[in-house]
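Notes to accompany the following structure.
Every read-out reported here was derived from the displayed coordinates using simple, explicitly stated rules and does not represent laboratory data. Here the structure is a predicted model, which is why all the values come from computation and not from measurement. When we count neighbours, we look across all protein chains shown, and the Cβ atoms used for this are built from the backbone with ideal geometry, even at glycine.
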Amino acid sequence: MTEIRNRTLWVTGASSGIGRALVLRLAEHNNFVIASGRRREALEELQQLAPTHIRILDCDVADDSGMASTFERLKDLTDHLDTVIACAGTCEYDDDLQLDTTMYRRVFDANFFGVVNTLHCALPLLAVSASPVFAALGSLSSLVPFPRAEAYGSSKAALDYFLASVRGDVCHTNLKVVLIRPGFVDTPLTAQNDFDMPFLISAEQAAEYIEVGLARRKSIIDFPLRLSLPLRFLGFFRFLWFRFCTPKISRIRTLRKS
Ligand SMILES: NC(=O)c1ccc[n+]([C@@H]2O[C@H](COP(=O)([O-])OP(=O)(O)OC[C@H]3O[C@@H](n4cnc5c(N)ncnc54)[C@H](OP(=O)(O)O)[C@@H]3O)[C@@H](O)[C@H]2O)c1
């Protein structure tokens, strides 16, 4: 099976990039999709493309108190959720090892606490489904420690652990928990990258990998294979990563003195 059909889904991070491409693909396959993001105009534009299949729910997943009203609005749109795909996320690099905790918190708020809030909000509606699925977007970057990615990579590594822990916790229930780890995808998030991105794929290709992986009931969806395989290998033999790869990637030559 390679398609998801006739399900009710909630996709966060749907106003651009991977989330947007996923919503369109799922709508094409006759699903009812609730699309979230903070930018309402971008969501309205998206809804216009498949008005009968898409509903919008603008929200900030990092806003703990705001998510209570999001839950009420979500209940107005549906009485159940079959699948939730938490795509909302951000990326900021720590250039020169500034260790600015405000930036680290911003990244963790969206990438980690945003997913916790999304699951908190969705759980009562997932509980009504006969085969509920909760999936969230991690990153292949959590397989190996990338220089400059102290904040982003840590938030995704924390997410890996969180989802694995939830999977263990719900093992006596019918909730399926899925970790999705893309490589480099051409989206507004990576448009800021000033380095070569090996095996870059389009948001549409990423959406296809995700839909196929979910339809096949995978617990971990890593893609593309040509990037995930070498990163898995280097994650296992970390001394090779530090010996041969980080010296080529790191830009720091001296430690700052103030
Ligand atoms: N692109 C890649 O190469 C890549 C690789 C690995 C993993 N990922 C992960 O894939 C996910 C999607 O990334 P993308 O590449 O598609 O990036 P993107 O085009 O920048 O999309 C990010 C989405 O997240 C939403 N968002 C961000 N902060 C939010 C918040 N606090 N509350 C609600 N929505 C929020 C944004 O919408 P608003 O601005 O409207 O809120 C936007 O829709 C992210 O989790 C990212 O870390 C991406």
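Can you pull out the residues in the range 206-228 that are assigned to a helix (DSSP H, G or I) and within 16 Å of the ligand (Cβ to nearest atom)?
Taking the range 206-228 as the starting set, the residues that turn out to be assigned to a helix (DSSP H, G or I) are 206-215, 225-228.
Within the range 206-228, 206, 207, 208, 209, 210, 211, 213, 214, 225, 226, 227, 228 meet the criteria.
Can you tell me which residues in the range 133-167 are assigned to a helix (DSSP H, G or I) and aromatic (Phe, Trp, Tyr)? Give the steps one after another, and end with the answer.
Taking the range 133-167 and keeping what is assigned to a helix (DSSP H, G or I), we get 140-142, 150-167.
If the condition is that a residue be assigned to a helix (DSSP H, G or I) and aromatic (Phe, Trp, Tyr), then 152, 161, 162 are the ones that fit.
Which of the following residues is out of contact with any helix residue (DSSP H, G or I) (no Cβ under 7 Å at 6 or more places or on another chain) and small (Gly, Ala, Ser): 50, 127?
127
Give the residue, chosen from 12, 2, 83, 70, that is surrounded by 15 or more Cβ atoms within 10 Å (Cβ to Cβ) and over 18 Å from residue 110 (Cα atoms).
On the way: 12 fails: over 18 Å from residue 110 (Cα atoms); 2 fails: surrounded by 15 or more Cβ atoms within 10 Å (Cβ to Cβ); 70 fails: over 18 Å from residue 110 (Cα atoms).
Checking each option against the conditions leaves just 83.
Within the range 27-54, restricting attention to residues that are away from the ligand (no atom under 15 Å from the Cβ) and either on the phi > 0 side of the Ramachandran plot or assigned to a helix (DSSP H, G or I) (or both), which residue is nearest to the chain's Cα centre (by Cα)?
27
Testing residue 46 on (1) closer than 21 Å to residue 188 by Cβ; (2) touching a residue at least 40 places away in the same chain (Cβ under 8 Å); (3) crowded, with 18+ Cβ neighbours inside 10 Å; (4) of a type in the set (A, V, I, L, M), one condition comes back false. Which one is that?
Exception for residue 46: condition (2).
Cβ contacts < 8 Å: first residue under 17 Å from residue 44 (Cα atoms), restricted to the range 57-82; second residue among the charged types (D, E, K, R), any location; separation 6+ or different chain. Result?
The qualifying pairs are 57/73; 58/38; 58/39; 58/40; 59/38; 59/73; 60/38; 77/55.
Working carefully through the options 182, 247, 198, find the one that is out of contact with any Lys or Arg (no Cβ under 6 Å at 6 or more places or on another chain) and crowded, with 17+ Cβ neighbours inside 10 Å.
Numbers: 247 fails: crowded, with 17+ Cβ neighbours inside 10 Å; 198 fails: crowded, with 17+ Cβ neighbours inside 10 Å.
One residue alone meets the criteria, 182.
Give 56, 18 a once-over and let me know the one that is under 24 Å from residue 223 (Cα atoms) and not acidic (Asp, Glu).
Working: 56 fails: under 24 Å from residue 223 (Cα atoms).
From the options 56, 18, the qualifying one is 18.
Kindly provide the set of residues from the range 168-199 that are more than 26 Å from residue 95 (Cβ to Cβ) and not in a helix (DSSP H, G or I), ordered by number.
If we filter the range 168-199 for residues that are more than 26 Å from residue 95 (Cβ to Cβ), which is where we start, we get 168-180.
The answer is 170, 171, 172, 173, 174, 175, 176, 177, 178, 179, 180.
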